[in-house]
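Working notes, structure below.
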Amino acid sequence: MENKSHALAAGVFVLVVAALLAALAVWLTRDNSSYQEYELTSKDGVTGLQPQAAVRYKGVAVGKVTRIGFDPQVAGNVLIRIAVNDQAPITPSTFAVLGYQGVTGLAHVLLDDAGEVQPELPRGPSGLPRLPLRSSPLSRLAEQGPAILGQVDEATRRINQLLGDENQKRFSTALDNLGQAAGGVTTLTQRLDATVKERLDPALAALPPLAGDARQTLHALQQAGSSVSTLAADIGQTNKRLSAEGGAIDQLTLGSQALVRAADRFGSSTLPRVNRAAEDTSRAARQLGRTAGGVSENPQLFIYGAGRANAGPGEPGFEAPKAQP
């Protein structure tokens, strides 16, 4: 009887300790945060996603997956219900995508914001707002898998065609041609060496005298340049003397100005006088001509003079001419 009481006491103690541990675990894991439920629907598979899986917004844990099932609104789609902390900045442009952890294959929900202006989130039959679930990179890779495999198969086929027997023969022929070309290059190199030894060596031997002649020519050119510089300096000095005040150019200018003034005086005073003297001489010559003409017609004029002229009509002593019978 005493053993039974000890066993009963031990059992009660174990139960009490277990209850205390459970209560402590519940108390330690309690979450007083307020959550808002959202729904996600997708036509892609959700392999690796389990209830209680984490929900992260840009990498920060903000909730968990509460339910996974099928969408009654769209046949064949998967419906995921998540609980998100009210403090998470969920907007109408927020979208979801599945993320995977390493090699374990366990999935979680990643939330992000597209930053676009979107209308209010649509609601499903349950009345909960629905966030769009976009295809994950793994899903897109799986969708493109057949196309990638087709491209790989095409590349493999072309490689096999490139390495076929016919192309291998062509490669062998090309290698033979390369070998022959290398042999030709070797022969050409040998001929060039012989040409250099036979023709260039004498030319190189003649270079030192040629260099000496070139130095002499350069020295002569330098002397000529010095002479030209001296001549240019002399010309510059002569130009300065000619252009200096009172120099030859100024004297020529003064002489030309004096000549212009003399020409002006000649044209304004002397030339009119010469013209008048010429006119007087011309009148005297005309009078002398008339006198000579009268003397030649009547030489008595030279002795008796011209006499008086006959009176005209109305003058004293006028006599009318007599009529001829």
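The phi torsions of the range 211-225, fed into the Karplus equation with coefficients 6.51, -1.76 and 1.60 and a -60° offset, translate into couplings of 5, x, 4, 5, 5, 4, 4, 5, 5, 4, 5, 5, 4, 4, x Hz, rounded to whole numbers, with Gly and Pro shown as x. Taking amide H as placed 1.01 Å from N in the peptide plane, the amide H of Y57 sits under 5 Å from that of V62, L111, each at least 5 places away or on another chain. Here r is the Cβ-Cβ distance between V60 and V152 and R0 is 51 Å; the resulting FRET efficiency, rounded to 0.05, is 0.85. The 3J(HN,Hα) values that the Karplus relation (6.51, -1.76, 1.60; θ = phi - 60°) gives for the range 113-121 are, in residue order, 10, 6, x, 10, 6, 10, x, 4, 4 Hz. Gly and Pro appear as x.
Put simply, the amide H of L106, placed in the peptide plane, has neighbours under 5 Å in Q101, leaving out anything fewer than 5 places away on its chain. With a cut-off of 12 Å between beta carbons, the residues surrounding L163 carry a summed charge of +2, where Lys and Arg count +1 and Asp and Glu -1.
Over all other residues within a Cβ to Cβ distance under 10 Å of P92, the charged ones net out to -3, with Lys and Arg as +1 and Asp and Glu as -1. Derived scalar couplings between HN and Hα for the range 45-59 equal x, 10, 4, x, 8, 10, x, 6, 5, 6, 10, 10, 10, 6, x Hz in order, rounded to whole Hz, by the Karplus curve 6.51 cos²θ - 1.76 cosθ + 1.60 (θ = phi - 60°), x for Gly and Pro.
Bear in mind that the values in this text are calculations on the coordinates, not laboratory data. Worth saying up front: this structure is predicted, and the values here are computed from it rather than measured. No Cβ is skipped: glycine too gets one built from the backbone with ideal geometry, and neighbour counts run over all protein chains shown.
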